[in-house]
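Step one of this worksheet: look at the structure below.
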Amino acid sequence: MRDTNSITKTGKKIQRLVRRWLALGWAISVGVLMTSPAMAGVLLNAEFGISDSQSPLYGWTAPFSVTITNNRATLLEDGIHLPVRLQQRFDLSAQVSRLQITLDTIQLATNAPGQPPDAFQISLLNTNMASLVPPTGQPESAAFISFQQNGQVFFGPGVTVPGVSSNGAVWTPQFPLTISVNLTNITSSVPALLYFDLVGFDRAVSRVVVRSVRFVGWEPLGGTDVAETLQDTAVSLRPLTNDIARSGYSLNPASWRLEVPPAHGVVTFQSQTGQAVYQPTAGYVGSDAFSYSIADMAGHRSDPVMVLISVTPVSQDPKDAWRRQFFSPTDLADPSKEATIWGDSADPDRDGRNNLQEYVTGTVPTNAASRLEFTIERSAGGVRMRVTPRVEGRLYNVLTSRRVNGPFLPLTHPQVQTNGTQLVVTELTTTTGPRFYRLQVIIWPSAELLAWRRQYFAAGDLVNSAKEATVWGDQADPDGDGRNNFQEFIAGTVPTNAASRLLFSVERGTQGVVFHIVPRATNRVYTVLSSGSLMGSFEPVLNTQSQMIGNELIIRDTTPGTNRVLFYRLAITLP
């Protein structure tokens, strides 16, 4: 082994050989073409992510004082080891249009008086040591760029150096620095050698840090990804599925890098699964985006790839909330599963009741054993009906008729009790003869009622629970006309105007009895009831004809005339 003094003497001999060249301002290219252990093909380890020199993907030949660690290659000159060179042999393909080299640091030390200045240069050569791109123009130099200790930068005509106006100009260092080299003159594949030379001649330490080498044309092609999620809901996607590796090496999921983070959320990436998860900021609704890059196993990195995110508000429709309770976000986002899984007409548990029916009755759409039970018991005290399960947000009406085909009307004097998830309805009126019953279940408050509230009450009032009892609630009477909001909603009158009333008038003539109803509200069922006594049992008038004129409904009783005194009532129900 040679000692330090011997190495120093060798260095001094080399110094004497090159002084006269440097004194004339010529560039230095010292050494012979060395064989790189890289396999034939594209340049490997382009981002210096592999520091194990025994790895088949290491690629570089790095003798003397060069280290590859932490995704950087560092060339360190101390006046002993000459020159400090990093190099790699590869096949330069005609599909490559540009070489881009990013440097993090160039520190060229000031040497002692009488010592030549340090320099750093980069070359791209063929097997005959001739430059594959136009060189700097300096004598005896094949380099396409050369950085001098005095700040001058020399570069060939196909080279772009940010911040440098002309060849030989003095440069103010700005890092990171990306040098771009035009390779469009390469029209066929050719063996090539890329090498970095740090030439120094003193104990003063010079240092260069290389971040990456990129050949445009070998980098992976990334496809834009689009995802949609609900407010406050994370969404997962696999962004690499539409990305393509072009160098002959597969994509490296471990190289995934977030380039620009989302403005309204957080994204994480699992390299083991290739899955990215985006979590929107709490409460945010709107568009968001982030970009990432991916490298192949040879270290060639893609341009930034966009991911576009749409964050939609959570639907205020209770039905949508019900769907989210029983069906997965993946199914709900798949339109092809609407007919079989989550749509109103779908019957995923095949129990003969579709999702809309299960939603209204409060049963589980994915469990065929979950059913609504409606039982009837007759006793001396009346007729008792039990409804199970009883669900919050539902309005239960028991309808009755003396005929199997109706018409069915609500019970006149029901007694209602709740017992956990069971509703018990008792008809106290003693009846004779056959009676038929139906159960009407209505979503409450209905979408129609919610729209009606928004029509007449301010948005600020509707979100103020303290105003429910006096302004917008079912039992509130904001206009003080003696009819609460629920009655006004059913009648189709204005809840904030006491003069807005439902008019029900009766006329007896030769053609029968005519009833006038104003206003006629849409989506309502109007039934005229009659009784021989004021306190008697009111039954529907069976023989009627209806006519609509504007917002007035006219109902004519065509039953043959009778001398009996009859009393009439108007029943208004939701369909």
Residue match in segment 307-318 (condition: surrounded by 15 or more Cβ atoms within 10 Å (Cβ to Cβ) and farther than 30 Å from residue 221 by Cβ): yes
Test: residue 1 is surrounded by fewer than 16 Cβ atoms within 10 Å (Cβ to Cβ), closer than 30 Å to residue 189 by Cβ and at pLDDT below 90: no
Entirely in segment 467-575, the strands (runs of 3 or more DSSP E) that have 1 or more residues that are of a type in the set (S, T, N, Q): 503-509, 525-531, 544-549, 567-573
Members of segment 193-224 found to be farther than 18 Å from residue 68 by Cβ and surrounded by fewer than 20 Cβ atoms within 10 Å (Cβ to Cβ), listed by number: 203, 204, 205, 216, 217, 221, 223, 224
Scan of segment 225-245 for residues that are surrounded by 15 or more Cβ atoms within 10 Å (Cβ to Cβ) and more than 22 Å from the chain's Cα centre (by Cα), ordered by number: 245
Failed item in (1) surrounded by fewer than 16 Cβ atoms within 10 Å (Cβ to Cβ); (2) of a type in the set (Gly, Ala, Ser); (3) within 30 Å of residue 332 (Cα to Cα); (4) in contact (Cβ under 8 Å) with a residue 40 or more places away in the chain, with residue 248 passing the rest: (3)
Residue match in segment 408-425 (condition: of a type in the set (Ser, Thr, Tyr), under 43 Å from the mean Cα position of the chain (by Cα) and in the same structural domain as residue 379 (by TED's automatic domain parsing)): yes
Check on residue 305, of a type outside the set (Asp, Glu) and modelled with pLDDT of 95 or more: yes
Subset of segment 504-526 [in contact (Cβ under 8 Å) with a residue 60 or more places away in the chain and closer than 11 Å to residue 568 by Cβ]: 504, 506
Those residues of segment 505-528 which are farther than 29 Å from residue 446 by Cα and hydroxyl-bearing (Ser, Thr, Tyr), in sequence order: 505, 510
Residue within segment 152-166 that is part of a loop (DSSP other than H, G, I, E, B), among the hydroxyl-bearing types (Ser, Thr, Tyr) and outside the structural domain of residue 267 (by TED's automatic domain parsing) present: yes
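Report yes if some residue within segment 435-446 is among the polar types (S, T, N, Q), within 16 Å of residue 395 (Cα to Cα) and in contact (Cβ under 8 Å) with a residue 12 or more places away in the chain; otherwise report no.
yes
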Qualifying positions in segment 286-306 - more than 30 Å from residue 48 (Cα to Cα) and surrounded by 15 or more Cβ atoms within 10 Å (Cβ to Cβ): 288
Lone unmet requirement of (1) loosely packed, with under 12 Cβ neighbours inside 10 Å; (2) farther than 30 Å from residue 479 by Cα for residue 558: (1)
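With respect to residue 152, determine if the residue is surrounded by 15 or more Cβ atoms within 10 Å (Cβ to Cβ), within 23 Å of residue 60 (Cβ to Cβ) and out of contact with any Pro (no Cβ under 7 Å at 6 or more places or on another chain).
In short, no.
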Unmet criterion (only one of (1) touching a strand residue (DSSP E or B) at 6+ places or on another chain (Cβ under 7 Å); (2) surrounded by 15 or more Cβ atoms within 10 Å (Cβ to Cβ); (3) modelled with pLDDT under 80) for residue 62: (3)
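Taking the residues in segment 111-132 that are part of a loop (DSSP other than H, G, I, E, B) and surrounded by 22 or more Cβ atoms within 10 Å (Cβ to Cβ) as candidates, determine which candidate is farthest from the chain's Cα centre (by Cα).
118
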Residues of segment 161-171 satisfying the condition of being surrounded by 14 or more Cβ atoms within 10 Å (Cβ to Cβ) and touching a residue at least 12 places away in the same chain (Cβ under 8 Å): 161, 167, 168, 169, 171
Which numbered condition residue 552 misses (of (1) surrounded by fewer than 12 Cβ atoms within 10 Å (Cβ to Cβ); (2) modelled with pLDDT of 85 or more; (3) of a type in the set (D, E, K, R)): (1)
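Yes/no matrix, rows are residues, columns are (1) touching a helix residue (DSSP H, G or I) at 6+ places or on another chain (Cβ under 6 Å); (2) more than 22 Å from residue 87 (Cα to Cα):
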{"site": "189", "(1), (2)": "no, no"}
{"site": "194", "(1), (2)": "no, no"}
{"site": "213", "(1), (2)": "no, no"}
{"site": "220", "(1), (2)": "no, yes"}
{"site": "223", "(1), (2)": "yes, yes"}
{"site": "231", "(1), (2)": "no, yes"}
{"site": "245", "(1), (2)": "no, yes"}
{"site": "250", "(1), (2)": "no, yes"}
{"site": "260", "(1), (2)": "no, yes"}
Given (1) closer than 27 Å to residue 91 by Cβ; (2) of a type in the set (A, V, I, L, M, F, W, C); (3) in contact with a helix residue (DSSP H, G or I) (Cβ under 9 Å, 6 or more places away or on another chain), index of the condition residue 235 fails: (1)
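The values are calculated or read from the model by the stated rules, or taken from the named source; none is laboratory data. Owing to the predicted nature of the structure, the values given are computational and were not obtained by experimental measurement. Quick reminder, even Gly has a Cβ in these numbers, built from the backbone with ideal geometry, and neighbours come from all protein chains shown.
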